[in-house]
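Engineer: Pasting a structure here, questions to come.
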Amino acid sequence: MSEALAQTRPSTTERIAALNDRARLSLDRTARTILTMNLLDSLSDGKRSNDILAQARVMKAMRECTFSKDSPERDMAWFEVDDVKVMMKIDYYDADFEYGSQDPANAAETRRAITLMKPEDY
């Protein structure tokens, strides 16, 4: 491989970060997003319409969140929604969501699960 080609090819970390961004932005149809009941209960009164609005606020905040330098793969973040601290964690699974992925940089074999929770749920 030529040196110029090697320099233009993204690193594994950059590839994982880009795939995580696609999942966070709901552009990856294979990804799953999970909100813990504890988080939802903190943001809604339990009425179905308010639950849906709370989920929408969390999703919006997740799509707009920023990442610290200690999360180069952009797989973990903290942000607030309605003064409630939210933790986002992305985990990598095989195509059946049964086992961990062997290669999170390979979109063909990896499925992402985004969990949104209160820090004490972790």
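Engineer: Take Ile90, Ile34 and order them by how many other Cβ atoms sit within 10 Å, fewest up front.
Structural biologist: By the 10 Å Cβ count, ascending, the order reads Ile34, Ile90.
Engineer: Work out, step by step, the length gained on full extension between Ile34 and Thr66: first 0.36 nm times the residue separation, then minus their alpha carbon distance; give nm to one decimal. Could you put the intermediate results ahead of the total?
Structural biologist: Numbers: separation 32, 0.36 × 32 = 11.52 nm, distance 1.95 nm.
Net length gain for the segment: 9.6 nm.
Engineer: So, by mean Cβ neighbours within 10 angstrom, what's the order for 17-23, 56-62 with the highest one leading?
Structural biologist: 17-23, 56-62
Engineer: Can I ask one more? If you take the beta carbon distance between Trp78 and Glu98 as r and set R0 to 22 Å, what does 1/(1 + (r/R0)^6) give as a FRET efficiency, to the nearest 0.05?
Structural biologist: It comes to 0.15.
Engineer: For a quick protection proxy, order the peptides 82-89, 48-55 by their average other-Cβ count within 10 Å, most packed first.
Structural biologist: Ranked by mean Cβ neighbours within 10 Å, highest first: 82-89, 48-55.
Engineer: Could you put Ser11, Ser44 in order, starting from the residue whose Cβ has the fewest other Cβ atoms within 10 Å?
Structural biologist: Working: Ser11 10, Ser44 18.
The order, fewest Cβ neighbours first, is Ser11, Ser44.
Engineer: Please sort 63-75, 106-118 by packing, taking for each peptide the average over its residues of neighbouring beta carbons within 10 angstrom, highest first.
Structural biologist: Most protected by this proxy first, the peptides run 106-118, 63-75.
Engineer: Next up: Taking the chain as the reference, fit the longest principal axis to its C-alpha atoms, fit the long axis of helix 48-64 to the helix C-alpha atoms, and give the angle between the two in degrees, 0 to 90, nearest 10.
Structural biologist: Around 30 degrees separate the two axes.
Engineer: Where Rh is the Kirkwood radius over the Cα pairs of the range 12-122, the temperature 25 °C and the viscosity 0.890 mPa s, what D in µm²/s does Stokes-Einstein return?
Structural biologist: Diffusion coefficient, whole number: 171 µm²/s.
Engineer: I would also like to ask the following. Compute the acute angle (0 to 90°) between the alpha-carbon long axis of helix 12-24 and the principal axis of greatest extent of the alpha-carbon atoms of the chain; round to the nearest 10°.
Structural biologist: Between helix and principal axis, roughly 30 degrees.
Engineer: Continuing with this model, one more query. To make sure I understand, if each residue's beta carbon is the centre and we count other beta carbons within 10 Å, what order do Asp91, Asp96 fall in, fewest to most? Don't skip to the end; give the middle numbers.
Structural biologist: Details: Asp91 16, Asp96 7.
Going from sparsest to densest Cβ surroundings: Asp96, Asp91.
Engineer: Of the options Asn50, Thr66, Ala95, report the single residue whose Cα projects farthest towards the positive end of the charge dipole of the chain (beta-carbon charges: Lys, Arg +1; Asp, Glu -1).
Structural biologist: Asn50
Every number in this text was worked out from the coordinates using simple rules, so none of it is lab data. Quick caveat, the model's predicted, so the values are computed rather than measured. FYI the Cβ positions are ideal-geometry reconstructions off the backbone, even for glycines, and counts take in every protein chain you see.
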